[in-house]
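To keep things clear, I will list the structure first and then write my remarks on it.
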């Protein structure tokens, strides 16, 4: 889908160029982001954009950081489990909105100001709860691996939720009940409507957060420290 030309009296600057690039990426896909396409969107010659952005790589870094700025970062002093749950939910929703963003985030070093603030707030939340820096680093990455992996799967899974039962029914004759008894039984439950087959973002998130809480408790016991449990 083409984005309508939006020439404006607003002075052309980096912020406006990056915002236009994000709109193109959202509506047309990442491959559509080019200097020529941006020039069309902004009503200027493509070469004039180089006064504000260095290259397409610079633009990609800019739109990733702009997308990340929409994610809810933990507030200083907030209880760690609810804050990190809200952060991960927010990240998942933002990345579903900007379908191109997850792949860019996981495939490059992102050091824009929004990303740095997002990561620093996350580490600060974990440190405030009592995690060591090493533990906080592992915890942050475990949470992000869940968010990014779940988001990529949801965006690329070949079936819609309402198609799961029909897909399972089509797949079942290819399975040997004797060789794959558990997969066969699960497929039967999906076909019969006894199990939706839906992937559960919250379940994975809860397992990780509860596991981190147990790790934190064990660390406190080892060091003789105790702290009241935050509500989950």
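The values are calculated or read from the model by the stated rules, or taken from the named source; none is laboratory data. On a predicted model such as this, the values are computed, not experimentally measured, just so you know. Reconstructed Cβ throughout: ideal geometry from the backbone, glycine too, with neighbour counts over all protein chains shown.
Of the helices (runs of 4 or more DSSP H) entirely within region 158-232, those holding at least 1 residues that are in contact with a helix residue (DSSP H, G or I) (Cβ under 8 Å, 6 or more places away or on another chain), in the same structural domain as residue 127 (by TED's automatic domain parsing) and at pLDDT 95 or above occupy 201-223. Restricting the search to helices (runs of 4 or more DSSP H) fully inside region 38-122 and requiring at least 3 residues that are surrounded by 20 or more Cβ atoms within 10 Å (Cβ to Cβ) and outside the structural domain of residue 133 (by TED's automatic domain parsing) gives 56-68.
Determine whether region 124-133 contains at least one residue that is assigned to a helix (DSSP H, G or I) and within 13 Å of the chain's Cα centre (by Cα). No, the conditions are met nowhere in region 124-133. Of all residues in region 98-126, none that is over 11 Å from residue 61 (Cβ atoms) has its Cβ atom under 6 Å from the Cβ atom of a residue that is modelled with pLDDT under 95 and surrounded by 19 or more Cβ atoms within 10 Å (Cβ to Cβ), 6 or more apart or on another chain.
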